[in-house]
There are 2 protein chains.
Amino acid sequence: MLFFEQEILEQPDVLTRLLQRQTGNVQRIAAAIRQRDIQHVVIAARGTSDNAATYGRYVLESHCGVVVSLAAPSLFTLYRRPPRLDSALVIGVSQSGQGQDIIEVISEAKRQGAATLAITNFGDSPLAAVADHVITLEAGVECAVAATKTYTAQLMAFALLATAWEADDEHLGLLQHVPDMVGEALGLKDTIRQAVERYRYMEHGVVLGRGYNYATAFEIALKLKETSYLVIEPYSTADFRHGPIAMAEEGFPAFLIGPTGAVFDDVLAAGNELIAKGAEVIAFSDQDELLALARVPLRMPAPLPEWLSPMPYVVPGQLFALYLALTRGYNPDQPRGLSKVTVTR
Amino acid sequence: MLFFEQEILEQPDVLTRLLQRQTGNVQRIAAAIRQRDIQHVVIAARGTSDNAATYGRYVLESHCGVVVSLAAPSLFTLYRRPPRLDSALVIGVSQSGQGQDIIEVISEAKRQGAATLAITNFGDSPLAAVADHVITLEAGVECAVAATKTYTAQLMAFALLATAWEADDEHLGLLQHVPDMVGEALGLKDTIRQAVERYRYMEHGVVLGRGYNYATAFEIALKLKETSYLVIEPYSTADFRHGPIAMAEEGFPAFLIGPTGAVFDDVLAAGNELIAKGAEVIAFSDQDELLALARVPLRMPAPLPEWLSPMPYVVPGQLFALYLALTRGYNPDQPRGLSKVTVTR
């Protein structure tokens, strides 16, 4: 079995392990953070980890009421003009814990007296060594170049941090259901394996989500780029309708992420506008109305609260990337021109 | 003459007028802001204005040392869970001043006692009415659906705000040279008109920039999408090399934005990697080394400080969008399926 496939399938176990091993640690970190007068949060990350950071932004802003900024690492590294961070919590996210620019952001934050947190799969990494606090992802070694299980583990780390920070036991209880929901989403495997044939010669498209699933749109698009080399761009449905919808023409493929929740009507409206232009919709949803628009309707399990839906909803996108790459004759374990640790400054 | 063309050509005049009419006002706004204990800045915007906000983020962080977060409007509108903003300066950017979601962010910020600022082309718009302070763009009515002169005016408004806030007279003096630099960039008109022929059947590609010109990459990609319906994605060179570079293949078109400055080596490195994969480079630069890689080298005027380069550097991208649309038989004044004011919540 491919690493990529194996690691997709491991996700329920990884999430269960993360909850078991890290909940106490994250509660201690949250208690320490609550002692400080945190005015805002800065998150530094690249690639897949940056998509997880986008989710972290929504879940921390909505649950903890704190403004979150996604860092521009070049201000710390190339320009050497970092902003003031003394009243911030600064979080570095890196699967390997070796991303040099992320380490520089955390080091600078520490110099300035900010609270610092590393979210990484390696508790003994350079990133973990420099931060005050560490959440380890407990995902086991990830061998595929295209990250999957560490992404959902990063989402869970952020959900855990937000619920521990707001100290909401009910929310904490809801997290326990996520591994099963991710497991149910894996049940779409055979459906997706058959559906991808149709997209053998697809060259470009868009992935649309909004709110908590803005991150999901970015991550699914990234997986499709990394493993099938598609030119496929993620958008918030709001931004897409603000200009780029002009690209949509007859047959234009659009993935829509539409779980039950506050943004559903907006995603449905985008779906209807796309259909009116003759576009082709692939929908991930638990709602009949959106699924009915889709050439490929992928019915998701009964709804979790929307803020937890990004964990199950990325799964059909990962599976789509896996089978699409295989049907196009690519090896998703060895994407052309990529390596596991990317050195950027 | 098309509105789109006319408004591109008006940009030096618009910028000169903005500096003449708004410098005193912005200095008064900056003085009022300095009286308050601003811990961080939040900017709310959509579409082209959001690209200007990305520039605003870099120039405010680097010049004023203040962390900037680009707002997620859905937390204010659909989810009704806005974060705490009482120690923030909250800036709403909207050409029309009618973007409902942007108005809601500023209204909520005001309810919470934050300092608020509107950047808009209409001083009598609903957005201007709700904010404490207003910078008007002085751009005259913009008739083309695809914004150009209001974009560069928004960049200038942010540059003016940053220099007034840091109270650096030398920086303020440098702003006076920008209209001429933008005028010089317009001199590339005929070169670009001839160069676009080659891209008549181009379907997709990427636009790469970094740092201050991360915004430029986004804005050029947006213009190409809006007027030529290309699937063309903007990236930071750092993020691109972290995964999406896997898309690049023989003939893959990539626009590179490479002014002299701190990020130049990173852009050049991306250019060399792309050439190694057989990609085709269109370069906007004042540096021979990058121009030498390009199939279409567009030599930009002698360097301004890098933080001001986004104003001249977007211009060849706007011209490229104009002539490419015309050579493909599209009317850039009437992009399919777009209107000037987009209602999103």
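Where a number appears in this text, it was derived from the coordinates with a stated rule and is not lab data. No experiment lies behind these values; they were computed from the predicted model shown. When we count neighbours, we look across all protein chains shown, and the Cβ atoms used for this are built from the backbone with ideal geometry, even at glycine.
Each Lys or Arg adds one and each Asp or Glu subtracts one; over the other residues with Cβ under 9 Å from the Cβ of B:K277, this totals -2. Between helix A:214-228 and chain A there is an angle of about 70 degrees, using the helix long axis and the longest principal axis of the Cα atoms. When its C-alpha radius of gyration is set against 2.2 N^0.38 Å (N residues), segment A:3-176 gives a value of 0.96. For a straight C-alpha distance cut-off of 28 angstrom, the lysines reachable from B:K223 (same-chain residues fewer than eight places away being disregarded) are A:K223, A:K225, A:K277, B:K149, B:K189, B:K277, B:K340. Projected label points at A:R80 and A:A32, each 7 Å from Cα along the beta carbon direction, are separated by 3.1 nanometres. Distance distribution P(r), chain B, all Cα-Cα pairs, bin width 10 angstrom from 0: 6, 27, 34, 24, 9, 1 percent. Positive contributions from Lys and Arg (+1) and negative ones from Asp and Glu (-1), summed over other residues with Cβ under 13 Å from the Cβ of B:T116, come out at -1. In percent, rounded to a whole number, the relative contact order of segment A:186-246 is 34, using alpha-carbon pairs under 8 Å and six or more apart. Summary of the geometry: segment B:97-161 and segment B:179-240, compared by the centres of their Cα atoms, lie 25 Å apart. Put a plus charge on the Cβ of each Lys and Arg, a minus charge on the Cβ of each Asp and Glu, and nothing anywhere else: the dipole of segment A:130-226 about its Cα centre is then about 660 debye.
If you sort the three axes of the alpha carbon gyration tensor as a ≥ b ≥ c, you get a/c of 1.5 or more for segment B:168-217 and a/b no higher than b/c, which makes it oblate. Using bins of 5 Å that start at zero, the share of Cα-Cα pairs per bin across segment B:1-105 amounts to 2, 10, 16, 20, 22, 14, 8, 5, 2, 0, in whole %. Seen from a random direction on average, the alpha-carbon convex hull of segment B:54-153 projects onto 6.6 square nanometres. With the gyration tensor restricted to C-alpha atoms of the protein assembly as shown, the semi-axes of the equivalent ellipsoid amount to 36, 30, 24 Å, longest first.
When you count the other C-beta atoms within 10 angstrom of each residue and take the mean per peptide, A:196-206, B:3-13 line up highest first as B:3-13, A:196-206. Against chain A, whose longest principal axis is taken from its Cα atoms, helix A:264-276 shows a tilt of about 40°. The mean sequence separation of alpha-carbon pairs under 8 Å and at least six residues apart, normalised by the residue count of chain B, gives a relative contact order of 19 percent.
Legend: Rg and Dmax of segment B:180-327, from Cα coordinates, 13.6, 39 Å.
Peptides B:91-99, A:29-37, A:183-191, B:79-87 ranked from most to least packed by the mean count of surrounding Cβ atoms within 10 Å: B:91-99, B:79-87, A:183-191, A:29-37.
Projecting the Cα atoms of A:A115, A:A167, A:A31 onto the dipole axis of segment A:3-176, where Lys and Arg carry +1 and Asp and Glu carry -1 at the beta carbon, places A:A115 farthest toward the positive end. Helical runs assigned H by DSSP (4 residues or longer) give chain B a calculated mean residue ellipticity at 222 nm of -14500 deg cm²/dmol, each run adding -39500 (n - 2.57) before division by the residue total.
Extending 7 Å from the Cα toward the beta-carbon at both B:D288 and A:Y330 defines two label points whose distance is 3.9 nm. Converting phi to 3J(HN,Hα) with the Karplus coefficients 6.51, -1.76 and 1.60 and the offset θ = phi - 60°, segment B:116-126 yields 10, 9, 9, 10, 8, 7, 10, x, 10, 7, x Hz in sequence order, with x at every glycine or proline. Within the shell defined by Cβ-Cβ distances under 11 Å, the residues around B:L319 carry a net charge of +1, with Lys and Arg each +1 and Asp and Glu each -1.
Evaluated with a Cβ-only charge set (Lys, Arg +1; Asp, Glu -1), the protein assembly as shown carries a dipole of roughly 120 debye about its Cα centre, given to the nearest 20.
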